[in-house]
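The values are calculated or read from the model by the stated rules, or taken from the named source; none is laboratory data. Worth saying up front: this structure is predicted, and the values here are computed from it rather than measured. Cβ coordinates were reconstructed from backbone atoms using ideal geometry, including for glycine residues, and neighbour counts include every protein chain displayed. To get the accessible areas, we keep the full protein, side chains included, count just its heavy atoms, and leave off ligands, DNA and RNA. Shrake-Rupley method; radii C 1.70, N 1.55, O 1.52, S 1.80 Å.
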Amino acid sequence: MLKNQPGRTLHEAYLKGGGEMGQLIRDYNWADSVLGSPETWSHNLLTTVSIILRSKFPMFLWWGTELIQFYNDAYRPSMGNEGKHPKALGQEGVACWPEIWPVIKPLIDQVMAGGESTWSENQLIPIYRNNRLEDVYWTFSYSKVEDEPGKPGGVLVICSETTAQVNAMNQIAKAEEMLRCSIASANAGTWVMDTKTREFKASGRLKELYGLTTEAPMSADDAIACIDERYREKVALALEKTLAENLDFNIEYPVIAKDDQTVRWLRSFGKLYPDAHGVFRHFSGLAIDITEQKHDELRKNDFIGIVSHELKTPLTSLTAYIQVLKNKMKDDQDPMKTGVLDKAFSQVKKMSTMVNSFLNLSRLETGKIHIDKEQFGLDTLIKERIEDILLAISGYEITFLTCDPLIVFADREKIGSVITNLLSNAVKYSPKGKHIEVQCGLQNEMIQVAVKDQGMGIKQHDLPHLFERFYRVESKNTHNISGFGIGLYLSAEIIERHQGKIWVESKSGTGSTFYFNLPVSLNSGMN
Ligand code: ADP
């Protein structure tokens, strides 16, 4: 119980503190109001006002028949910056809240008349503040305060404005709705998989896309089993890579419906998502039907395949004729004739490499690329390919930091084309006179090859795209350098089919180092 302190009246002791609102309440000319001066206020009114002023929780009080208003500093921001505050202090409720009076007056009356206290959660009560009608959400409770036992005094409102939370929730709901619409309009199937238990949940549309019944559950293994077997390992590997290394999942593959054997091409995008503790527990994504687009692409690839195939035969004959002529003329004394022949030979070889890449591209896209593995020394292959390149170019120095004989079990021709591609790019994208260095050796139980140049280098933002099909860096430096942007794509596909990795480190203007690695042959030395 508060005691009157020396030099202070009782009501002054009750009304002390309370920040801005405490000051305004003390300064208010209550004597001219219906409540009269604070000395005349009932003990309960003084106590309630004192509780309001001390509370850090937003509180508001309507007192007396006229519902005269009090509120605290915590409530004050809900009044906005212009309009209501500070007029609302000491004002009659009906004058302060005309816009919501029809909603709240019945609640006030019901509580004053002895009804139960109210509880409303996230209720929309638009109020006029900041010079406009604003949609404001509140969670609040109205409870009766007695003036003296048995006599209603007023209604205490303890409330909290929840506009920010409700708006955030609405935004999430809207975003979800938009996402649902996009998924529906793309006719996409969706899935979510627990990364730990591998529990897999598929939408009805995803089951349809895989040619499965929508009634039965679908597991990740069911999905993999529907994939054309030529692509199954690639998709399974990509999935394991996503789960192990948190990489984005983005892959195209054909699925074969169980019932009628219909082939459908799908493109799947997925990602790992963290749970509330930041652990990447969910792998989720969507799949869309790209059959039409894929058929167009396959027709184009077939065309490229046929043309390259047709070009290959005359080119092979041409190479042979030039080689015969070169042999015949090796003792010729006319340097002009032998020089021209050498140039013709190098151009025909260039063209053969190009035609071979197109042929490989079309084989790859139609799933017809074959990897014929054999055991061979990678160091010997690198030497051969360097010698080949040096025959066709001038003005570059290529050093090979030879290593111990390294035996791999791989497709010699295709790994050779990867080495040639990296070497010819190092030459193509470096000015004459620059040095190229090739290294190979054992790294983390893999055989690693590095081709390092001192050329133009690659900008950071191009790096992630270099191994994509048809990707070429567009800049004034590369403007006059011809190419199709398929060499690195093919190289990456070839290396991936050997369970290896290909990557690049580069600094624009300084040079690039392209790396690839391959598993060491487990059968080394057996035959
Ligand atoms: P192409 O050389 O036929 O365009 P690639 O697939 O071999 O195709 O290379 C893709 C792109 O990567 C090239 O267009 C080039 O911009 C960039 N690139 C490849 N190798 C290098 C290199 N050693 N230095 C700088 N840029 C390179």
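Structure notes:
- Selected from 284, 321, 305, residue furthest toward positive end of dipole (region 253-322; charges at beta carbon): 284
- Helix axis angle, 412-428 relative to the chain longest principal axis, alpha carbon, degrees: 70 degrees
- Equivalent-ellipsoid semi-axes of region 162-293, from the Cα gyration tensor, Å, largest first: 28, 19, 13
- Set 373/501; 383/452; 383/434; 16/105 screened for pairs whose C-alpha atoms are more than 22 Å apart: 16/105
- Placing +1 on the Cβ of every Lys and Arg and -1 on the Cβ of every Asp and Glu, with no other charges, gives the chain a dipole of roughly 1400 debye about its Cα centre.
- The mean accessible area for residues of the chain, using a 1.4 Å probe and ignoring ligands and nucleic acids, is 56 Å² per residue.
- Only one residue of 145, 160, 96 has its Cα farthest out toward the positive end of the dipole of region 72-177, where Lys and Arg carry +1 and Asp and Glu -1 on Cβ, and that residue is 96.
- Straight Cα distances below 17 angstrom link residue 87 to the aspartates and glutamates 20, 27, 32, 66, 73, 99, with same-chain residues fewer than 8 positions distant left out.
- Difference of contour (0.36 nm per residue) and Cα-Cα distance, residue 43 to residue 94: 15.8 nm
- Ratio of Rg to Rh over region 374-524 (Cα coordinates, Kirkwood Rh, two decimals): 0.95
- With a Förster radius of 30 Å applied to the beta-carbon distance between residue 310 and residue 262, the computed FRET efficiency rounds to 0.40.
- Ordering 184, 486, 511 by Cα displacement along the dipole of the chain toward the positive end leaves 511 in first place; charges were set at the Cβ atoms of Lys, Arg (+1) and Asp, Glu (-1).
- Pairwise label distance in nanometres, residue 352 with residue 481, each label 7 Å out on the Cα-Cβ vector: 2.5 nm
- Backbone phi angles across region 494-507, fed through the Karplus curve with coefficients 6.51, -1.76 and 1.60 (θ = phi - 60°), yield HN-Hα couplings of 5, 5, 4, 5, 9, 6, x, 9, 10, 7, 9, 10, 7, 10 Hz in residue order; Gly and Pro are listed as x.
- Compared with the direct C-alpha span, the chain from residue 279 to residue 459 gains 61.5 nm at full extension, assuming 0.36 nm per residue.
- Share of carbon and sulfur in the accessible area of the chain stands at 54%, probe radius 1.4 Å.
- Bridge type composition, the chain - antiparallel percent by DSSP, nearest 5: 95 percent
- Tilt relative to the chain, helix 163-185 - C-alpha long axis, 0 to 90 degrees, to 10: 40 degrees
- The dipole here belongs to region 374-524: it is taken about the Cα centre, uses +1 on the Cβ of Lys and Arg and -1 on the Cβ of Asp and Glu, and is about 540 debye.
- Descending principal axes extents, the chain, alpha-carbon based, whole Å: 129, 59, 44
- Largest first, the extents of the alpha carbon coordinates of region 294-365 on the three principal axes equal 56, 15, 13 Å.
- Centroid-to-centroid separation of region 76-111 and region 132-177 [C-alpha atoms, Å]: 13 Å
- Evaluating 6.51 cos²θ - 1.76 cosθ + 1.60 at θ = phi - 60° for every residue in region 243-258, the Karplus couplings come out as 5, 7, 10, 6, 9, 5, 9, 8, 8, 10, 6, x, 10, 10, 5, 5 Hz, glycine and proline recorded as x.
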